[in-house]
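Q: Okay, here's the structure, questions in a sec.
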Amino acid sequence: MSELLRATHVVKTYTVKPGITGKGGGTLHAVDDVSFSVRKSESVGLVGESGCGKSTLGRCLLRLENLDRGSIALEGQEIQDISGKDLLPVRKRMQLIFQDPYSALNPRDTILKSVAEPLQAFGIKDRRESLEEARSFLSYVGLGKSEWSKYPHELSGGQRQRVVIARAMISSPAFVVCDEPVSALDASIRAQVLNLMKRLQQDTGVSYLFISHDLSVVRFLCTRILVMYLGEIIEETSREELYSHPMHPYTKALLSSIPIPDVTHDRKRILLPGELPDPMHPPEGCRFAPRCPYATDLCRKEKPASRDIGDGHTVCCHHI
Amino acid sequence: MRKGFLRRFMHHVPALVSVIVLLLMVLALFLLPVILHLDPYTTDMLAMNKSPRPGHILGTDATGRNILARLCEGGKISLYIGVGSALISMLIGIPLGLIAGGTKGFWSSLIMRISDMFLSFPAMILVLVSVAMFGSSVSGIMLILGILGWPAPARLLSANVMSEREKSYVMSAKLLGRSNTYILFHCILPNAISPLWTSLAFRISQSMILESGLSFLGAGVQPPLASWGNMMQSATSLVVLTTRPWQWLPAGLCLIVSVICINFVGEGIRDALDPRLKLN
């Protein structure tokens, strides 16, 4: 499989203005030196707890945010400095599936219009043809004729998310960022939507970057998984390897938090003390050290480098 | 959408009744003087301060002018000032509100601070001073009330634009390569503007009240021109207030009824425009 997207040393910081007392200002490192790649027709999972920078990374990849440093290459073309009209061909190749299906659709547009809009905006088809195509695409994602002229607020959460997916996928993008697409849905709908996304991938060969904090969802869809902590990727490996041999202490703790539907199962949960450190003042050395049960003086002083331990499994820890 | 709007509006009973009342009222203001051959400026020297009687259905005022004729004339002027000044407020407020809500930084905060200044003055005093400075012609009053009324729609619109532009569908439009101007006018504005129609109705009624207050105090529409406000001025005299209710009661009632009706219509428009509100 060939490479579709490559992010190299991506850095995104935000400047926080000091308050009236002159305190609280500084630089917030949302994404700090992140490198990874996505192959064609591959699903990559990006997991981590709230506030670790996974959504920001997604927005950077889609050029909704400008990078501070680093580069992003889509199909071999560097896109981090493209702007204005030249960005349109790039936009055509990438899309985003939103977390909240309610606010992702313009409340004044019927769902048919919302789904047809990308084809017109990208100049792929004229108005009549794009409406025609939107109709058949809506049927494909499971929304029948009676729903086409409805407004978003008239649909259920699951139906709305299907519309959001249809809107993202109708222009046949090569790369789609899914920003927690099922976390606003209840469990029964979740499976339907995930199956739809899987079917779309098989039919169109799209690549997903699947952002989630829910490891069981990621496991279902993704073949390779990145674990993010405080703006850095700390472990990257295949799905099988991650779930059978997690190496980083943080990944181990994350995996132990997945509920197992068996009352007799005696599981050991790894409870992490404390919360995600303040990203304005990240700890020196290993960023996970303050919460890590195995941390030593080395961890607190020196930042561990990312190391390959075989089969494309990279870990960022001193003790591996 | 249009069809849906009408249907939704029809379901709002108070608004529907109000529209009918307002239409009848406007019709009466324009047709009654023609049908009954009434003139608001003719004085009947033989019938001063007369109670309602044939020929003077609502009686006469202190100079023998027909109250019904003056009621119609005053209503026209009051409505004209109310609607005109509300439109002027919108005309100034909408562009400024869009700028304040759609941009960040200097212009946005400048507009908001100026609107703070406007709002921090008591409206009546400001209007009194402005009228004293610029004269009290009907169009002058309309202009002054209009200019003083811009902060309300501007703030409402800018707040709505600010909350709408953070929503995901705006990001979604950006991902389709839409320009910021396109997004502002095609995605954000239609979603942010509907409360303004309500605000327009409230501006109309508020301006009418302000105008009446002003005329009542003698600084607004000047006699011999009639307005509902200066007709009520006669009630400042205790004798008129207690013994000649026909001279001030009709104007007051008309003002109350029209203001209430306009407010109901505004409410009906608001409910009908919001696609998220469900009909029951």
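The values are calculated or read from the model by the stated rules, or taken from the named source; none is laboratory data. What you see is a predicted model; the values in this text were computed from it and never measured. Cβ coordinates were reconstructed from backbone atoms using ideal geometry, including for glycine residues, and neighbour counts include every protein chain displayed. Side chains are part of the model used for accessible areas, which takes the heavy atoms of the whole protein and leaves out ligands, DNA and RNA. Shrake-Rupley method; radii C 1.70, N 1.55, O 1.52, S 1.80 Å.
Q: Work out, step by step, the length gained on full extension between B:LEU253 and B:ASN180: first 0.36 nm times the residue separation, then minus their alpha carbon distance; give nm to one decimal. Could you put the intermediate results ahead of the total?
A: Working: separation 73, 0.36 × 73 = 26.28 nm, distance 4.95 nm.
Result: 21.3 nm gained on full extension.
Q: Looking at chain A, send over the antiparallel percent of its DSSP beta bridges, to the nearest 5.
A: Numbers: 27 of 45 bridges.
Percent antiparallel among DSSP bridges in chain A is about 60.
Q: Using θ = phi - 60° and the Karplus curve 6.51 cos²θ - 1.76 cosθ + 1.60, what whole-Hz ³J(HN,Hα) does each residue of segment A:286-292 get, with Gly and Pro shown as x?
A: Per residue, the Karplus-derived 3J(HN,Hα) values read 5, 5, 8, 3, x, 10, 7 Hz.
Q: Here's another thing I want to ask about it. Please give me the summed charge of the neighbours of B:LEU32: other residues whose Cβ is under 13 Å from its Cβ, Lys and Arg +1, Asp and Glu -1. Working shown, then result.
A: Details: positive: B:ARG70, B:LYS76; negative: B:ASP39, B:GLU73.
That sum, taken over residues with Cβ under 13 Å, equals 0.
Q: Another question about this same structure. When Cβ neighbours within 10 Å are restricted to other protein chains, what is their mean count per residue of peptide B:174-182? Before the final figure, lay out the partial values.
A: Numbers: counts 5, 15, 12, 12, 4, 2, 0, 0, 1.
So the per-residue partner count for this stretch is 6.
Q: Right, something else. Where a ≥ b ≥ c are the square roots of the eigenvalues of the C-alpha gyration tensor, would you call segment A:3-315 rounded, which needs a/c under 1.5, or, failing that, prolate if a/b is larger than b/c, or oblate? Could you put the intermediate results ahead of the total?
A: Numbers: a/c = 1.87, a/b = 1.48, b/c = 1.26.
Verdict is prolate for segment A:3-315.
Q: Same structure, new question: Which peptide among A:121-129, B:123-131, A:91-99 comes first, and what is the full order, when sorted by highest mean count of other Cβ atoms within 10 Å?
A: On the way: A:121-129: 13.8, B:123-131: 15.4, A:91-99: 23.2.
So the order, starting with the most tightly packed, is A:91-99, B:123-131, A:121-129.
Q: What order do you get for A:298-310, A:33-45, B:200-212 when each peptide is scored by the mean count of other beta carbon atoms within 10 Å, highest first?
A: Working: A:298-310: 13.6, A:33-45: 19.2, B:200-212: 23.6.
Going by the mean number of other Cβ atoms within 10 Å, highest first, we get B:200-212, A:33-45, A:298-310.
Q: In whole Hz, what ³J(HN,Hα) sequence does segment A:204-216 give by Karplus (6.51, -1.76, 1.60; θ = phi - 60°), x for Gly and Pro?
A: Result, rounded to whole Hz: 10, x, 6, 9, 10, 10, 9, 8, 7, 9, 9, 5, 6.
Q: Please find the FRET efficiency linking B:THR242 to B:THR42, where r is the Cβ-Cβ separation and R0 is fixed at 22 Å, and quote it to the nearest 0.05.
A: On the way: r = 28 Å, r/R0 = 1.25.
Between B:THR242 and B:THR42 the formula returns 0.20.
Q: Something else now. When the Cα centres of segment B:50-114 and segment B:205-251 are compared, how far apart do they sit, in Å?
A: Answer, in whole Å: 15.
Q: On to the next question. Which entries of A:LYS92/B:LYS167; A:LYS17/A:LYS85; A:LYS145/B:LYS174 have Cα-Cα distances beyond 23 Å here?
A: Table pairs above 23 Å Cα-Cα are A:LYS17/A:LYS85; A:LYS145/B:LYS174.
Q: For the protein assembly as shown, what is the accessible area per residue in Å², given a 1.4 Å probe and the full set of protein chains? Working shown, then result.
A: Details: 28620 Å² over 600 residues.
Each residue of the protein assembly as shown exposes 48 Å² on average to a 1.4 Å probe.
Q: Taking amide H positions as placed 1.01 Å from N in the peptide plane, with prolines and chain starts having none, which residues 5 or more places from A:ARG69, or on another chain, fall under 5 Å of its amide H?
A: A:VAL11
Q: Right, next: Can you pull out the GluC sites (Glu not before Pro) in segment A:52-109 that DSSP calls coil and that have at most 13 other Cβ atoms within 10 Å? Present the calculation step by step, with values, prior to reporting the outcome.
A: Working: sites: A:GLU65, A:GLU75, A:GLU78; in loops: A:GLU65, A:GLU75.
Sites meeting the loop and neighbour criteria: none at all.
Q: For B:ALA173, what charge total do you get from the other residues with a beta carbon under 12 Å from its beta carbon, if Lys and Arg give +1 and Asp and Glu give -1?
A: On the way: positive: A:ARG91, A:ARG167, B:ARG165, B:LYS167, B:LYS174, B:ARG178; negative: A:ASP109, A:GLU117, B:GLU164.
Net of charged neighbours comes to +3.
Q: Now for a separate question. For segment B:62-79, just list the computed ³J(HN,Hα) in residue order, Karplus coefficients 6.51, -1.76 and 1.60, θ = phi - 60°, integers in Hz, with x standing in for Gly and Pro.
A: Result, rounded to whole Hz: 5, 9, x, 8, 5, 5, 4, 4, 5, 4, 5, 4, x, x, 4, 5, 4, 5.
Q: Which distance in Å, rounded to a whole number, links the C-alpha centroids of segment A:1-53 and segment A:211-264?
A: 19
Q: What is the calculated FRET efficiency for B:PHE134 to A:THR27, with r their C-beta to C-beta distance and R₀ = 51 Å, to the nearest 0.05?
A: Between B:PHE134 and A:THR27 the formula returns 0.40.
Q: Starting from the Cα gyration tensor of segment A:237-320, take the square roots of the eigenvalues, sort them a ≥ b ≥ c, and report rounded, prolate or oblate (rounded when a/c is under 1.5, otherwise prolate if a/b is larger than b/c, else oblate).
A: Numbers: a/c = 2.37, a/b = 1.34, b/c = 1.77.
It is oblate, given that a/c is not under 1.5 and a/b is not larger than b/c.
Q: Can you give the mean number of other chain Cβ atoms that lie within 10 Å of the Cβ atoms in peptide B:161-171? Write down the numbers at each step before the final one.
A: Details: counts 0, 0, 0, 3, 0, 1, 8, 12, 13, 3, 7.
Rounded to a whole number, the mean comes out at 4.
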